1. Would you be able to tell me the number of residues in the stretch 27-51 that are in contact (Cβ under 8 Å) with a residue 40 or more places away in the chain and within 25 Å of Phe82 (Cβ to Cβ)?
2. If you check Ser187, Ser216, which single one turns out to be closer than 30 Å to Ser256 by Cβ, touching a Leu at 6+ places or on another chain (Cβ under 8 Å), part of a helix (DSSP H, G or I) and not basic (Lys, Arg)?
3. Could you please give the count of residues in the stretch 65-107 that are in a helix (DSSP H, G or I), crowded, with 18+ Cβ neighbours inside 10 Å and of a type in the set (Val, Ile, Thr)?
4. Which condition number does Arg224 fail, the rest of (1) at pLDDT 65 or above; (2) over 28 Å from the mean Cα position of the chain (by Cα); (3) within 29 Å of Val313 (Cβ to Cβ) being met?
5. How many of the residues in the stretch 220-229 are surrounded by 16 or more Cβ atoms within 10 Å (Cβ to Cβ) and either without any contact (Cβ under 8 Å) to a residue 40 or more places away in the chain or β-branched (Val, Ile, Thr) (or both)?
6. Could you check the stretch 117-132 and list, in sequence order, the residues that are closer than 20 Å to Ala71 by Cα, exposed (fewer than 15 other Cβ atoms within 10 Å of the Cβ) and out of contact with any Phe, Trp or Tyr (no Cβ under 9 Å at 6 or more places or on another chain)?
7. Give me the helices (runs of 4 or more DSSP H) completely within the stretch 242-352, filtered to those with at least 1 residues that are free of Cβ contacts under 8 Å to residues at least 40 places away in the same chain and under 28 Å from Glu204 (Cα atoms), ordered by residue number.
8. For the stretch 197-212, which residues satisfy the criterion of being closer than 20 Å to Ile258 by Cβ and either buried (at least 16 other Cβ atoms within 10 Å of the Cβ) or of a type in the set (Gly, Ala, Ser) (or both)?
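The values are calculated or read from the model by the stated rules, or taken from the named source; none is laboratory data. Being a predicted model, the structure only gives us computed values, none of them experimental. Cβ placement follows ideal geometry from the backbone for every residue including glycine, while neighbour counts extend to all protein chains displayed.
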Amino acid sequence: MIPRPSAGVLRDAAFVAAALLDVWVHVEPDEPKRLALALFAASALVLRRRLPMLTFVLTLPAVVFSDAIFACLAALYTLATFTRRRTLLAACGMAYTLSDMTDWTPGPSLNLWSPSGLITLGYTAATAAAPIFLGQLVQARRDLSLRLTEISQARDHERRLSAQAVLAEERAKLAREMHDVVSHQVSLIAVQAGALQVGAQDTEVKRAAATIRRMSVQTLDELRHMVNVLRDSHGRPTELTPQPSLTDLRRLIDSSGIDAELKAELPDGLPPTLQRAVYRTVQEALTNVRKHAPGATATVRLTYEGNAVHLKVSNTAPTRPALPLPGAEYGLVALRQRAALLGGTVSTGPTPDGGYELRLVLPVKKAP
C-alpha cells in the first residue's frame with residue numbers, strides 16, 4: 001500500500017505549483033536569466049518550513065529582477081508563522097518593498113516623492129505587510145490552540161487530583177471506622193472465646209471456642225493490615241494480605257468448623273489469579289454452609305477438564321434450623337464478578353436431597 005503524503009507536503013506542493021504559475025504568467029521564455037531566477041525561487045519553497053529565513057533570502061532576487069513575486073511572498077508568510085521577532089519581520093518586509101520597487105530594466109526611473117511613487121510605495125508595502133499579518137495570525141491561532149489544550153489538560157489533572165483527594169478522605173474515614181468499631185468488636189470476640197475455652201468443661205465446647213478464637217485473631221490481623229493499607233493511600237501499592245493459593249485449601253477446610261471432604265485432581269502450575277479465585281470461592285461456599293445449613297456435611301471437588309478448572313462445593317440438608325444472621329448476598333455477587341473477569345462462570349442451586357450446590361468453571365489460558 002502506497003503511503004499517503006502528509007498535509008505539510010501537500011501544502012508545499014501547492015505553494016510550488018502556484019509559484020510556477022506565477023512564473024509562467026509574468027516571465028517571458030526569451031528572458032533566460034530572469035526565468036532561471038524565478039524558477040529557482042519557486043523551487044526554493046520546498047525548504048520554507050525547515051529553513052524559512054534562508055528561503056526568503058533565496059527568493060528575494062526573483063523580486064529584484066522579475067515580476068514573479070509569489071515565491072517571495074510565500075516565503076515571507078512562512079517566516080511570519082514561525083518567528084516571533086517583529087524587528088526581523090519588519091526588516092524583511094522593507095527588503096521586499098525595496099526589491100520590488102527596484103527597476104533594473106532600461107527606461108525612465110520612478111520618482112519616489114511623486115504622487116505615483118508614493119502610491120506605488122504604499123501598494124508595495126501593503127503587499128509585503130499582508131503575508132506578514134496573515135502569518136502572525138496563523139501563529140497566534142496555533143498558540144491559542146496549544147494554550148487551550150494545556151488548559152484542558154490542567155483541568156483534567158485538577159479533576160483527577162480532586163477525585164484522589166476525595167478517595168483518600170473516604171479511605172481514611174473507612175480505616176477509622178474499621179479500627180474503632182470492627183477491630184474492637186472482633187477483639188472482644190477473641191477475648192470472650194479465649195475465656196470460654198479456658199472455663200468450659202465440655203470438650204466440644206472447648207474445641208469450638210478455640211476455633212472461634214483462632215479465626216478471630218486471624219481476622220483481626222487481616223483487619224489491621226487492611227487499615228494500614230487504607231491509611232497509606234498516597235504510598236506505593238501494597239498487597240492487602242499474603243494471597244492464598246490451592247495449597248491453603250486444606251487448612252481452610254480444617255478450620256471451617258464443618259465436616260467437609262476435599263477431592264482435588266489438578267495439575268501443577270496453575271495461574272495465581274485462578275488459584276486465588278478458587279480459594280475465595282471455596283471460602284464463600286463454606287461460609288454459606290456454616291450460616292444456612294447447620295449440621296450439614298460438605299464436599300469440595302476440584303477437577304481439570306477441557307482446559308478448564310471445575311469446582312463443585314455441595315452440602316447435605318441441614319440437621320437443625322439456621323440462626324437468623326445478617327446478609328446481603330454480596331458474597332455470591334463478588335464471586336460471579338471475579339469469575340467473569342477470568343472468563344469463567346458461577347452457578348448455584350438446590351440439590352434433590354435438600355442440600356445446596358455451587359459450581360465454578362474457570363478456563364485456563366495456556367502460555368504462548
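1. Of the residues in the stretch 27-51, 1 are in contact (Cβ under 8 Å) with a residue 40 or more places away in the chain and within 25 Å of Phe82 (Cβ to Cβ).
2. Values: Ser216 fails: touching a Leu at 6+ places or on another chain (Cβ under 8 Å).
The match here is Ser187.
3. Here the count works out to 3.
4. With (1) at pLDDT 65 or above; (2) over 28 Å from the mean Cα position of the chain (by Cα); (3) within 29 Å of Val313 (Cβ to Cβ) applied to Arg224, the lone miss is (3).
5. 3
6. Listed by number, the residues that qualify are Tyr123, Ala126.
7. 249-254, 272-292
8. Applying the first criterion (closer than 20 Å to Ile258 by Cβ) to the stretch 197-212 yields 197, 202-212.
Result: Gln197, Ala208, Ala209, Ala210, Thr211, Ile212.
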